[in-house]
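Below is one structure, written out as structure tokens, with a few remarks after it.
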Amino acid sequence: MNHFTFSWGSNYIAVRGLLRALGHELATPPRIGPAIAERGTELAHPFLCFSGKLVLGQLAAQLERGDRRLAFMSSLGPEACRCADTSDYLRSLFADCDGFTAHRIGGGGFGDALSNLRSHFGFRVRRRDCFRAYAVFFGKVDLLHKVDKRCTALRCLSSTPERVRELEREALDLVDRSAGPFALWRTSRWFDREAAGLPLRPEPPSLRIGVVGGEHILSELDSIMAVVKGVAERGILLDWRSGFRLLARTSEERLAPLKEKCRPYLHSAPSTSEIFSCAHATDFIDEGYDGILHVYAFGCMPQTALKPVLQRVAQDASVPLLSLSIGDRFAEEGLENRLEAFIDLLEARKSKGATK
Amino acid sequence: MKRRVWIGIDVGSITSKVVAIDERERMLASTYERTRGRVVESVKDSLRKAVGALVGHAVAGCGTTGSARKLVGALVDADVVKNEITAHARACLSLHPDARTILEIGGEDSKIIILRDGVPVDFAMNTVCAAGTGAFLDQLATRLGVPVERLGDLAAASTRDVAIAGRCTVFAESDIIFKQQTGHRIEDIVAGACRSLVRNYLNDVGKGKAIEPPVLFLGGVAANRGIEAAFEEALGVPVTVPEHYNVMGAFGAALVAKETVVSATKMRSLDEIRSSDFRAETFTCPHCPNACEIVRFVESGSPVATLGGRCERWTAEATRASVPVHGTESTPT
């Protein structure tokens, strides 16, 4: 029986790695389209957000084709994340579907993760299996972030952007096929070597845009982030920074200076991703970047809450900011429209010498 | 010798606008018409009216803007395809160089552009909701059984404040029904709806933006004096509706074309456009789980351009012209 997961808030490559490490396989999800959106809208509570409706529509389609075992990663941090454990709700929503199980397989710590995995797979999951599966999952997520961010910048910096696209594809494929921590380490080394060997363009980028957020927008081949990445091939540097490393829990010592930097803006108890995004935005401003691009998954509560914060950061420094909510396969036209206008704006400012 | 003109075409969700400008950036002709879902026919018709009537002129360049800018760009072989934010900013800075804020409300989208010292420095567009757009007014007019063009006059005749929930068109409609049932005058309901649209706009699109005078108000909705008055009341500053408020996007596209096209235009002749059987078709690419929605433009039975794929699979198929994107000038042929 196939296991399956959501296409939103999860990453197939990483989740597939986790399941394979435990000897299971992940079903390929159905395509999201108008029929799935309609189905989700029928099923969902009217107040549920659109992305939530898409998830439910996709889930219903997967149940209709016979998949029964839903396993999903979700956050359990201090932030107001909507994708926290919804398994009880899902089980009640699909209570009449024989054999349906839904479990959150992420955890707030090792004990929690082991307990969640055992709920899903049964008590045969050993501690060392759990440790290995999560090492693979987090290793893949971290490596995907590295590939994503490095290739985004290289699309501008390299004189062979088509080779960068190829490298990105090869890297994602290799990450998908890397079965354990050692294989991932080798893939990471291979990627570093290949990326370092790419020829660079002699001329500097025409614009430098700092990208923050996007921790939950993980690499998928030709995902909607490709629209954003495509901007880099116009000679514009997209420097996408993220200190959000899942493998290594962020220490308080590391967070303290970042929190201090963000203190004028982040007043409440912010999540790690908010602290990093805000700190990176201030870094980009200090380093004289032409603009800040804030990308976040549609409906991501912590990043939505961060939007007005970044607006204040940017306004105080008179640096243009564009916040882009990245939906799932929808509204590419609107995304292109805003990006194009943002770049026009930055170019006009630069040509007038208004950039700091 | 024929005098040169530059054409700007702005096709949005509801209306099509065409403008022709001369060497001195004066507007020689303009049209503003409802598209009624027939983009190709509407553009052909508007071009015939605006450009066909100009005797002794030769087209030197063409720019397109609006949500259908790529489709129209492929239809006419435009020299430049530009987003509507840049086009509106360019037009306003030409006619009102001291403007500091542009409010624009169209059929299904709305935007704000902040200008400082003749340069756009910030902008925002509405997100996933059309509550603060012309669609809201269309729905209101239908509900009240009055032509949408009369809403401004009705709002001006209001004598009492009536609060309408404007956060969402669905809630607004039920609120309007309730207000009708409880005996409020149509004039007061319309004025209340105008205020709620403005409130929604300022809380969504305008949130956190440094709105400073001079403020210009553009787009089809600017014809509604009730909205203009509601903006003035909410902002506490005068709001100016410029003379060409409803064709500023097309005007901006023409200006951008004039600045960009340095050699011969590649725009097709009006006869070619008129006789073209150009059409758009849409299909879902079956080759990977992305399921990209591909828009293919077909003419004389052959694909001439494609849009929408995240890889290069369908681009090579187009034979006549690729759609110029991101406002770059295509190489003249």
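Where a number appears in this text, it was derived from the coordinates with a stated rule and is not lab data. Here the structure is a predicted model, which is why all the values come from computation and not from measurement. No Cβ is skipped: glycine too gets one built from the backbone with ideal geometry, and neighbour counts run over all protein chains shown.
Data overview
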item: Only Lys, Arg (+1) and Asp, Glu (-1) charged, at Cβ; the protein assembly as shown dipole about Cα centre in debye; result: 1260 debye
item: Label-point separation in nm, B:LYS2 to A:THR304, each point 7 Å along Cα→Cβ; result: 5.4 nm
item: Chain B: angle of helix B:225-235 to the longest principal axis, Cα-based, in degrees nearest 10; result: 70 degrees
item: Neighbour-count order for B:MET248, A:MET225, A:MET301, fewest beta carbons within 10 angstrom listed first; result: A:MET301, A:MET225, B:MET248
item: Chain lengthening between A:GLU203 and A:ARG254 when straightened (0.36 nm per residue, less Cα-Cα); result: 14.8 nm
item: Ranked list, fewest to most other Cβ atoms within 10 Å of each Cβ, for A:GLU253, B:GLU84; result: A:GLU253, B:GLU84
item: Dipole of chain B, positive direction: furthest Cα of B:GLY236, B:SER46, B:MET1, with charges on the beta-carbon; result: B:MET1
item: Using a Förster distance of 60 Å, the FRET efficiency for B:ARG38-A:ARG193 (Cβ separation, nearest 0.05); result: 0.60
item: Long-range HN-HN contacts of A:ILE326 with modeled amide H, under 5 Å; result: A:TYR296, A:ALA297, A:PHE298
item: Cβ-derived FRET efficiency at R0 25 Å, A:ASP88 paired with A:ALA269, nearest 0.05; result: 0.45
item: Neighbour-count ranking [beta-carbon atoms within 10 angstrom, fewest first] of A:ILE326, A:ILE209; result: A:ILE326, A:ILE209
item: Dipole magnitude (debye, nearest 20) for the range B:62-205, charges at Cβ of Lys, Arg, Asp, Glu; result: 200 debye
item: Computed [θ] at 222 nm, deg cm²/dmol, chain B (DSSP H ≥ 4; -39,500 (n - 2.57); rounded to nearest 500); result: -10000 deg cm²/dmol
item: Computed label-point distance, nm, for sites B:THR182 and B:ASP271 using a 7 Å Cα→Cβ extension; result: 6.6 nm
item: Among B:ALA165, B:PRO147, B:ALA222 - extreme Cα towards positive end, dipole of the range B:98-241, charges at beta-carbon; result: B:ALA165
